[in-house]
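Engineer: Supplied in structure tokens, the structure appears directly below.
The values are calculated or read from the model by the stated rules, or taken from the named source; none is laboratory data. No experiment lies behind these values; they were computed from the predicted model shown. Every residue, glycine among them, receives a Cβ derived from its backbone with ideal geometry; neighbour counts consider all protein chains shown. Quick note on the areas: whole protein, heavy atoms, side chains included, nothing else; ligands and nucleic acids left out. Shrake-Rupley method; radii C 1.70, N 1.55, O 1.52, S 1.80 Å.
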Amino acid sequence: MESSSAHEAAALSGLIAHLYDAAMDAALWPGTASRIAQALGSTSTVVKLHADGGQVSLLECTANLLVPERDQAWADDWHRRDLWVERSLAYGMSRIITDEDLVTPEEQARSGFYQEWLPHLDIHHMLGAVFPTAQNAVGVLGIHRPRDAGAYTDQERRHAALILPHLQRALRLGQRFAELSYQHEVALQALDRFDTGAMIVDGACRILHASAMAETLMRECPELVVVRGCLSLHSPMLKDKLSALVHAALETAHGRAAKPGSALLIPRSRRIPLVLEVAPLRPASSVFGEARPAVLVFIRDPEAPLEVARLRDLFGLTRTEAAVAVALGRGQSLDDIATDMGIGIGTARTHLKRILAKTGMHRQAQLVALLVRSITTPAS
């Protein structure tokens, strides 16, 4: 008897640990229902959400509760009309109940839920609860076994009562981690869409993340190098300056200095230099200790191309007007543009006047500023 109790305690302890592991790693969630069923001497388990409007979401269930696709609509209807859920809501939130608390034998005999749905799943006895969730829906824990397995005991009720609060917390944690993961992925995808290279580096210039454009610029510019995972520069002077900028930005982020992020030029042979800017990244607070200090590094290419199609869509430019606008954005003079395009200087000036009118600009310098700052190509 003592050995059996120790085995049950170990199984429950292992299950609770698994719930929190699954909250942190969604890949561990499948199979959780089977572990709950096994720990409670049952054959099936379901964890689901009932939202307003009758929408039901199965978060996890044992394989024997799944139905063929041809029967899915029928199963969905019974999930929406789950008699145990309806009665449990009236019984009270987060209260462990069994089918015996909810339905009398007389009701079972005339209930379609008992006569049609449950026999299809080979279940009769139920142990579980309904509980509030962070999704503004009702969470449902249902643990089941066949009629001949016998009703649930008071000890099994106590075991379910022990599991329930941990399941609730694990679901809330899992939702929070999922939200944070989504926000993280959105932020990284946003960085990848910039035409400006973006990196996150720590105090030692170790690269924690690099956008697709940053990786492209590092490959194309020999002056930019990565040494054992750290951003560096070939020139010792520039390397020292980068290190100084990173440390200054870290001091600013921690409120120990008021100096804003600074920039430096990265030379390129026969090309306009890249612009590297270091900006503070405010650390997130944590009860588990100080977050890893880091800063943002932006790398801009002044020669980044402008996209003709986007100019045409935004301002209604003709193909030729857009080509002239692109050349202006690259810093070419009207004389050079006319020569390259094989048109007269008068025709080039006419195109410029039309471009100014369509963009709402009054001077060529304003137009170039608009093109350079607003119409650069996002990374694909």
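Engineer: With every protein chain left in place and a probe of 1.4 Å, what is the accessible surface of Lys353, to the nearest 10 Å²?
Structural biologist: 150 Å²
Engineer: May I pose another question? Cross-link candidates for Lys48: which aspartates and glutamates have Cα within less than 15 Å, leaving aside residues fewer than 8 places away along the same chain?
Structural biologist: Glu60, Asp76, Asp77, Asp82, Glu86
Engineer: Roughly what angle does helix 364-374 make with the longest principal axis of the chain, taking Cα atoms, 0 to 90 degrees, to the nearest 10?
Structural biologist: Computed tilt is about 20 degrees.
Engineer: Using alpha carbons only, how many degrees (0 to 90, rounded to 10) separate the axis of helix 236-253 from the longest principal axis of the chain?
Structural biologist: 50 degrees
Engineer: Read phi for every residue in the range 151-166 and hand back ³J(HN,Hα) as whole Hz from Karplus 6.51 cos²θ - 1.76 cosθ + 1.60, θ = phi - 60°, with x for Gly and Pro.
Structural biologist: After applying 6.51 cos²θ - 1.76 cosθ + 1.60, I find 5, 6, 8, 4, 5, 5, 4, 5, 5, 5, 5, 6, 6, 3, x, 5 Hz.
Engineer: Along the range 312-328, what does the Karplus equation 6.51 cos²θ - 1.76 cosθ + 1.60 (θ = phi - 60°) give for ³J(HN,Hα), rounded to whole Hz, x for Gly and Pro?
Structural biologist: 5, 5, 6, 10, x, 6, 6, 4, 5, 4, 5, 5, 5, 4, 4, 5, 4
Engineer: Let me cross-check Phe315: its accessible surface, 1.4 Å probe, with only protein heavy atoms counted, in Å² to the nearest 10?
Structural biologist: Around 50 Å² of this residue is reachable by solvent.
Engineer: Could you rank Thr252, Thr98 by how accessible they are, 1.4 Å probe, largest area first?
Structural biologist: Numbers: Thr252 30, Thr98 0 Å².
Largest to smallest exposure gives the sequence Thr252, Thr98.
Engineer: Using a cut-off of 14 Å between alpha-carbon atoms, which aspartates and glutamates can reach Lys239, once sequence neighbours fewer than 8 places away in the same chain are excluded?
Structural biologist: Glu223, Glu277
Engineer: Let me ask something else. Magnitude of the Cβ-charge dipole of the range 72-156, K/R +1 and D/E -1, about the Cα centre, nearest 20 debye?
Structural biologist: Using only the charged Cβ atoms, the result is roughly 200 debye.
Engineer: For the full complex of protein chains and a 1.4 angstrom probe, list Trp78, Trp29 by accessible area with the highest value first.
Structural biologist: Trp29, Trp78
Engineer: A further question follows. Report, to one decimal in Å, the Kirkwood hydrodynamic radius for the chain based on all distinct Cα pairs. Mind showing how you got there, number by number?
Structural biologist: Details: mean 1/r = 0.0374 Å⁻¹.
Hydrodynamic radius (Kirkwood, Cα pairs) of the chain is 26.7 Å.
Engineer: Let me ask another. Accessible area per residue of the chain at 1.4 Å probe, in Å²?
Structural biologist: Per-residue accessible area for the chain comes out at 55 Å².
Engineer: Also, quick follow-up: Measuring from label point to label point, each 7 Å out along Cα→Cβ, what is the Ile272 to Phe113 span in nm?
Structural biologist: Distance between the two pseudo-spin positions: 7.1 nm.
Engineer: Taking the chain as the reference, fit the longest principal axis to its C-alpha atoms, fit the long axis of helix 2-24 to the helix C-alpha atoms, and give the angle between the two in degrees, 0 to 90, nearest 10.
Structural biologist: The angle comes out at about 30 degrees.
Engineer: If you stretched the chain out fully between Arg363 and Val226, how much longer would it get, using 0.36 nm times the residue separation minus the C-alpha to C-alpha distance?
Structural biologist: The span from Arg363 to Val226 would gain 45.1 nm if fully extended.
Engineer: Let me ask another. Run the 1.4 Å probe and let me know the accessible area of Met341, rounded to the nearest 10 Å².
Structural biologist: So the heavy atoms of Met341 present about 70 Å² to solvent.
Engineer: Still on this structure, I have one more. Extending each Cα 7 Å along its Cβ direction at Leu66 and Arg310, get the distance between those two points in nm, one decimal.
Structural biologist: Using points 7 Å along Cα→Cβ, the separation is 4.4 nm.
Engineer: Want the number for Asp240 to Leu28: 0.36 nm per residue separation, take away the alpha-carbon distance, what's left?
Structural biologist: Gain on extension, Asp240 to Leu28, equals 71.7 nm.
Engineer: Just to check I understand the Karplus step: with θ = phi - 60° and J = 6.51 cos²θ - 1.76 cosθ + 1.60, what whole-Hz values come out for the range 178-185, glycine and proline as x?
Structural biologist: 3J(HN,Hα) across the range 178-185, in whole Hz: 5, 5, 5, 5, 5, 4, 4, 5.
Engineer: Sort Arg319, Arg87 by heavy-atom solvent-accessible area, probe 1.4 angstrom, most to least.
Structural biologist: The ordering from most to least exposed comes out as Arg319, Arg87.
Engineer: Let me ask something else about it. Need one number: nm distance between label points at Thr153 and Tyr182, each 7 Å from Cα along Cα→Cβ, rounded to one decimal.
Structural biologist: 4.4 nm
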